[in-house]
1. How many residues are surrounded by fewer than 17 Cβ atoms within 10 Å (Cβ to Cβ) and at pLDDT 95 or above when one looks only at segment 84-108?
2. For Tyr53, work out the one condition from (1) in contact with an Asp or Glu (Cβ under 7 Å, 6 or more places away or on another chain); (2) touching a residue at least 40 places away in the same chain (Cβ under 8 Å); (3) not assigned by TED's automatic domain parsing to the domain that holds Thr174 it doesn't fulfil.
3. What is the residue count in segment 32-82 for residues that are aromatic (Phe, Trp, Tyr) and part of a strand (DSSP E or B)?
4. For segment 441-494, how many residues are at positive phi and among the aliphatic types (A, V, I, L, M)?
5. State all residues of segment 370-429 that are more than 12 Å from the chain's Cα centre (by Cα), among the small types (Gly, Ala, Ser) and at pLDDT below 95; if no residue qualifies, say none.
6. What residue, among those in segment 1-35 that are over 34 Å from the mean Cα position of the chain (by Cα) and of a type in the set (Lys, Arg), is farthest from Val129 (Cα to Cα)?
7. One residue is enough: does segment 216-226 have a residue meeting the conditions at negative phi, touching a residue at least 60 places away in the same chain (Cβ under 8 Å) and assigned to a loop (DSSP other than H, G, I, E, B)?
8. Looking at the structure I just gave you, is Ser65 in contact with a Phe, Trp or Tyr (Cβ under 6 Å, 6 or more places away or on another chain), at pLDDT below 95 and surrounded by 16 or more Cβ atoms within 10 Å (Cβ to Cβ)?
Amino acid sequence: MATPGEKLAESLEKLKQLQDSGIVAIKANDLSRINKTRLINNGFIREVIKGWYISTPHDEKQGDSTSWFTSFWKFCSRYLDDRYGNDYCISAEQSLKLHSGDNSVPRQLIVRSPKGNNSLTELLFGTSVLVIKSPISEISETDFHNGVRVFNLPSAIVYSSPSIFSKQAIDTRTALMMIKDSSELLRILLDGGHSTIAGRLVGAYRNLGQDTIADDILKTMKSVGYDVREKDPFSEQSSILLDTRERSPYVNRIKLMWNEMRKVVIDLFPEAPGIPIDTNAYMKMIEDIYTTDAYHSLSIEKYIVSPQLIEKVKSGSWEADNNENDRKQKDAMAARGYWQAFNSVKESISKIFEGENPGSVVKRDHGNWYRELFAPSVTVGLLKPSDLAGYRNNQVYIGQSLHTPINKDGVRDVMPLLFRLLEEEKNASVRAVLGHFVFVYTHPYMDGNGRMGRFLMNTMLVSGGYPWTVIPVETREEYMNALESASVDLDIKPFVEFLANLVESGLKGEPLAKISI
């Protein structure tokens, strides 16, 4: 008779076969009842809605949403295809968001289908699918995005409601700039007789400084007898020049985000003191804060790090080659790497104190920080040497977050832009807040993005004479929630206020974050 372990192994083999075939959304009839029961009881699959499941790590904690958010789009792809076949499309507004580079998991996915019945299906962790009974215009065309059927870009622009110009201004401006020629829109506008929509798009393109596209739409519609009245649908004039030749939606998107968000930072952040006269004393202050900073920054990433371990690796009494326990301890590698990276960051700060452009310094040096951060783990074999190669070559996800970081190709478009923005930005508070935010929004590495983002933040704070600022592990939830608001809702205010309060405390000389013993 097979043992319980052997029976579970048999069920896991069936699950592996599904995974190897690319199936994420598991239908009830994909597995036998007994295999399903074993996998559920041992935490390897969980029910999303009746008759539908996803795979989960067996040790995933109760309330951890990571596996669901990473599975969301592929789950919806199979579920919607099973229910509606080719007769569905997610809403024009959400299609437009995806085309503009926003891959965040929506709290409610809105689907249009002639087979719909205006029903709401609750999914996991506060997400849902609303299927609206609605025909899909014969003029519109569809694409696939994340495996889900969406309106293609021109159709998404034409069929989105007028509210997108105020509620989704960054998404809309980004999407409009992806249109290279008016003919992409005119076929839909002409065949559908959309004179009112044409007037809005003429005004929108005029707002963006794209007079050629605006004039082409206006003249062509009028030439066949449509009464087109130009109206700017945006609430304010575009104050930033966007590049029509840019192929990546992420570049114009980040430019727009930076331009909008910097106003909030300038309004809410304390004024920069300026680089101190006694830079040696300032560097000594940074060195003195190391243990506190390392403890909190590593603890935020959930490494189990004690002050004693930090002091051990700092003092040099920790030796990987001679101590088997230390050599194998992942946390010790993280602590050693943090110490080495911290010293590399101090070298960068010295260059800034000598008058070099802060953005240029970080552009040149951030690769050194990253290599130092993970070199100890490579040395002892916990990571492969290729893990130090640079920016990631795979998709990465953030635990518990609706935000899906930029794809691997987009990373290589955005990172040069980030450093250019840092080089051109005159305000140190903007460099610090948005430098940190855009870095973790992009998530350029497979690991270490939070620590690198905080190093970047503090380097930019120091460039304005602000104190090196520790984000206490006790505020981790508030910190992560603020980043989530900025990433998913494009609301940077909570993150600005969070950092501003910490910096203000430092400027007043109030006690730094404590270390929990």
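The values are calculated or read from the model by the stated rules, or taken from the named source; none is laboratory data. Worth saying up front: this structure is predicted, and the values here are computed from it rather than measured. Backbone-built Cβ (ideal geometry, glycine too); neighbour counts: all protein chains shown.
1. First, pick out the residues of segment 84-108 that are surrounded by fewer than 17 Cβ atoms within 10 Å (Cβ to Cβ): 85-87, 107-108.
After this cut, where a residue has to be at pLDDT 95 or above as well, the list is 107-108.
Summing the residues that are surrounded by fewer than 17 Cβ atoms within 10 Å (Cβ to Cβ) and at pLDDT 95 or above in segment 84-108 gives 2.
2. Every listed condition holds for Tyr53 apart from (2).
3. So in segment 32-82, the residues aromatic (Phe, Trp, Tyr) come out as 44, 52-53, 68-69, 72-73, 75, 79.
Those left that are additionally part of a strand (DSSP E or B): 52-53.
The qualifying residues number 2.
4. Counting residues in segment 441-494 that are at positive phi and among the aliphatic types (A, V, I, L, M) gives 1.
5. Ala375, Ser377, Gly381, Ser386, Ala389, Gly390
6. To start, the set of residues in segment 1-35 that are over 34 Å from the mean Cα position of the chain (by Cα) comprises 1-11, 29, 31-35.
Imposing the further condition that a residue be of a type in the set (Lys, Arg) reduces the set to 7, 33.
Working: Lys7: 36, Arg33: 27 Å.
Applying the filter and picking the extreme gives Lys7.
7. Scanning segment 216-226 turns up no residue that is at negative phi, touching a residue at least 60 places away in the same chain (Cβ under 8 Å) and assigned to a loop (DSSP other than H, G, I, E, B).
8. Working: in contact with a Phe, Trp or Tyr (Cβ under 6 Å, 6 or more places away or on another chain): yes; at pLDDT below 95: yes; surrounded by 16 or more Cβ atoms within 10 Å (Cβ to Cβ): yes.
So Ser65 passes the test.
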